[in-house]
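Report on the structure given below.
Taken together, the values in this text are just the output of simple stated rules run on the coordinates, not laboratory data. This is a predicted model, so every value here is computed, not measured. Every residue, glycine among them, receives a Cβ derived from its backbone with ideal geometry; neighbour counts consider all protein chains shown.
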Amino acid sequence: MNLMLFLKNKKIKIKIYKIMEISLKFILLGYSMVGKTQILNHYIEKKYIKITYPTIGIDFKKTTIKLNEKTLKLIIWDTAGPERYFQITQNYLKYTDVFILIYEIIDRYSFEYLIHYINAIYEVKNKEDIILGIVGNKNDLYEERKVKLKKIS
Ligand SMILES: Nc1nc2c(ncn2[C@@H]2O[C@H](COP(=O)(O)OP(=O)(O)O)[C@@H](O)[C@H]2O)c(=O)[nH]1
Ligand SMILES: [Mg+2]
């Protein structure tokens, strides 16, 4: 990879041998109590930690993964529920690469609420730049399921 620098109007070409770190920004969105923080903690710590407090404002965790022998740095933003601090969340949407929308399968409203996030994302991103995943959480409570599974074809 080559990097061009201009120093005192002189063009300098620098060869970069070490591949620069690639980073991807994720954001977890969803109604309060759907399990955003739990999912993030579980992913990072690889264990279940009981959460007894709500997320205030916005929080993040970092990790790295190996993909095709390259190290990829992940920055995962964990947001508070929609009622409070939504303004803070909104400011981050523009700088996000991957959106993870989370609902809980035992609460239909938490599923329907996702449309607010989708609309907010559309406001700041071009349609073709949006990478989005939807997660139905609390699957252990499937007997109380309120959001039906439908085949997507
Ligand atoms: N039964 C069950 N409870 C969960 C699950 N994920 C999270 N919770 C619980 O749901 C509550 C809210 O979780 P939290 O991660 O704080 O939700 P957040 O507000 O979306 O960040 C906590 O009491 C969690 O322990 C799950 O998969 N199953
Ligand atoms: Mg939280």
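Sort Y53, Y122 so that the residue with the fewest other Cβ atoms within 10 Å of its own Cβ comes first and the one with the most comes last.
Least to most surrounded, the residues fall as Y53, Y122.
Taking the number of other C-beta atoms within 10 Å as the exposure measure, put I115, I105 in order starting with the fewest. Please report the intermediate quantities before stating the final value.
Working: I115 10, I105 22.
The fewest-first ordering by Cβ neighbours comes to I115, I105.
Which residues among segment 24-48 fall inside the zone where the amide N is under 16 Å from a point 7 Å beyond the Cα of L141, along Cα→Cβ?
Those under the cut-off are 30-39.
Of K94/K127; K62/K94; K47/K125; K73/K94; K70/K138; K50/K138, which pairs sit farther than 23 Å apart, going by alpha carbon to alpha carbon? Show your work: numbers first, answer last.
Details: K94/K127 12 Å; K62/K94 19 Å; K47/K125 34 Å; K73/K94 19 Å; K70/K138 33 Å; K50/K138 14 Å.
Table pairs above 23 Å Cα-Cα are K47/K125; K70/K138.
List the residues of segment 94-115 whose backbone N lies under 15 Å from a point placed 7 Å from the Cα of L149 along the Cα-to-Cβ direction.
105-106
Among K50, K70, what is the fewest-to-most ranking by other Cβ atoms within 10 Å?
On the way: K50 6, K70 10.
Listed from fewest to most nearby Cβ atoms, that is K50, K70.
Which of the aspartates and glutamates could a cross-linker span from K46 if the Cα-Cα distance has to be under 19 Å and same-chain partners fewer than 8 positions apart are dropped?
Counting by Cα, and skipping residues close in sequence, K46 has these aspartates and glutamates nearby: D59, D78, D140.
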